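The values are calculated or read from the model by the stated rules, or taken from the named source; none is laboratory data. Source: prediction; values computed, not measured. Cβ placement follows ideal geometry from the backbone for every residue including glycine, while neighbour counts extend to all protein chains displayed.
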Amino acid sequence: MLMEECGIFGVFLENKSNTIPYIVEGLISLQHRGQESAGIAYEKNNEIKVYKKMGMVADIFSNGIVKKINSHIAIGHVRYSTRGKSEIQNSQPFHVRFRNEHFAIAHNGQIENSEKLRNELEEKGTIFLTESDTELILHILIKNLSKNILEWTLKDIARTIFKYVSPSYSLLLLFKDRIIAIRDKYGYRPLYYYESENGYFISSEDSGFNFLNPDYKNIKEILPGEAIEFSAYGIKKYKIESNKKRFCFFEHIYFARPDSNIFGRNVHLMREELGKLCAMENPIDADIVVPVLDSGFSAAIGYSKESKIPIEMGLMRNRYVGRTFINPNQKDREIGVRRKLPPISPVIKGKRVILVDDSIVRGTTMKKIITMLKDAGAKEIYVRIASPKVVNTCHWGVDIPEKKELIAFGKKVKEIKEEIGANTLGYTSLEGIRKILKEDYNNYCFHCFMEVHDEL
């Protein structure tokens, strides 16, 4: 089964202006959430059309393509697969025609009960054309709402999805005259909308609206268990009870952009707080603090502020290479590290370096970085991680591999330190994070940091 952590963006314009340039800009803003493929579904002549390809948004949607596509309503998707094949048939949005009507879907997340649903549907003769769990939602809607698509109400759609589909999901569904946004009852993945004078914009992160120079008071979070319909008639809402939230803490640690505000907290400031916590819990005397760019940068600022040790750019970030964590092929990860983060030798030569990163998952990247820093003349390397040990898999949309691939699984910190080649190694603690989050702590999912399953 293919599982994803992606980005979604939708636009409905009341003045019939072309949404496609806005969708492209929005997807570029969300490019960090997926770099394998991108696509747009849009209404044209009372039908839903889809244009999608493998690659980066700016390469796929050139000016020539954007000028050819014209629609006042559209949704877009950027994808990276965590398992399964990186192929065009698995890229989104997905589009279906049923009883001469059309609709499309874009999904961020991972359906926990996907295997069960697929088996049940296949036993009844359903044919699947992709490996993606997102395709299940199309079949479930058609099976349970067999009437004409034009008759599907917001309540019909939302209740069906909430009833049959397990989290995690943030969804956009496109019909020829409306967009429906749905967020699962636990709120694992973020989802926001912006109401402007001309229409509505929906995004996985609120930073996706920044290119609009928005009036920030009109940016709203789509709540856990909420479904919202955007159309020429305005906004309609439907909500189920959501007493227990499970916000993915990895959104703060790694996925989201630093300028995003996720689950009520600014991502950059949250990472800085984690860096300060790491310095308090793992103090050491050193010459410089060096961040692993980009997601380790905010935490390194926090570590430097708390420790009073100066921060230096000892590693350069090559902007023309994709994020290593997002590349699904392990060999490509190993080859890409030296390309992606070359060391700056004059900065680190002869220095005791505190190397700050957001997390260690497989350990491949960290091992290569430490080797590079040693080759460049670092005297000693003290690794500090602004999150707890990653020791468990994820069923809700984060690329956490099998436990046997996790460097921290079943190991003590000393063993991990020796394996990556650091002089010392320190993580932040869940107890420390609890103190930062206070009463919000119980609203987050920390499953990937826990040895024992954290029951829902």
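Find the residue count for the stretch 133-190, including only residues that are β-branched (Val, Ile, Thr) and closer than 18 Å to residue 92 by Cα. Final tally of qualifying residues: 6.
No other residue among 372, 366 is assigned by TED's automatic domain parsing to the domain that holds residue 308, over 20 Å from residue 308 (Cα atoms) and crowded, with 21+ Cβ neighbours inside 10 Å apart from 366. When restricted to residues that are modelled with pLDDT of 95 or more, among the charged types (D, E, K, R) and under 25 Å from the mean Cα position of the chain (by Cα), the stretch 369-418 contains 2.
Within the stretch 24-43, track down each residue that is within 19 Å of residue 201 (Cα to Cα) and outside any helix (DSSP H, G or I). Matches in the stretch 24-43: 30, 38, 39, 40, 41, 42, 43. Of 90, 63, all but one fail to be out of contact with any strand residue (DSSP E or B) (no Cβ under 9 Å at 6 or more places or on another chain) and in the same structural domain as residue 35 (by TED's automatic domain parsing); the exception is 63.
For the stretch 146-161, the set of residues classified as in contact with an Asp or Glu (Cβ under 8 Å, 6 or more places away or on another chain) and either more than 26 Å from residue 19 (Cβ to Cβ) or not in a loop (DSSP other than H, G, I, E, B) (or both) consists of 149, 150, 154, listed by residue number.
You will find that of 95, 139, the residue that is under 27 Å from residue 208 (Cα atoms) and not aliphatic (A, V, I, L, M) is 95 and no other.
Restricting attention to the stretch 24-54, the residues that are modelled with pLDDT under 95 and small (Gly, Ala, Ser) add up to 1. Here residue 114 meets the list (1) buried (at least 18 other Cβ atoms within 10 Å of the Cβ); (2) in contact with a strand residue (DSSP E or B) (Cβ under 7 Å, 6 or more places away or on another chain); (3) among the polar types (S, T, N, Q) almost entirely, failing just condition (2).
Scanning the stretch 25-42 for residues that are more than 17 Å from residue 398 (Cα to Cα) and either touching a helix residue (DSSP H, G or I) at 6+ places or on another chain (Cβ under 6 Å) or surrounded by fewer than 24 Cβ atoms within 10 Å (Cβ to Cβ) (or both) yields 25, 26, 27, 28, 29, 38, 40.
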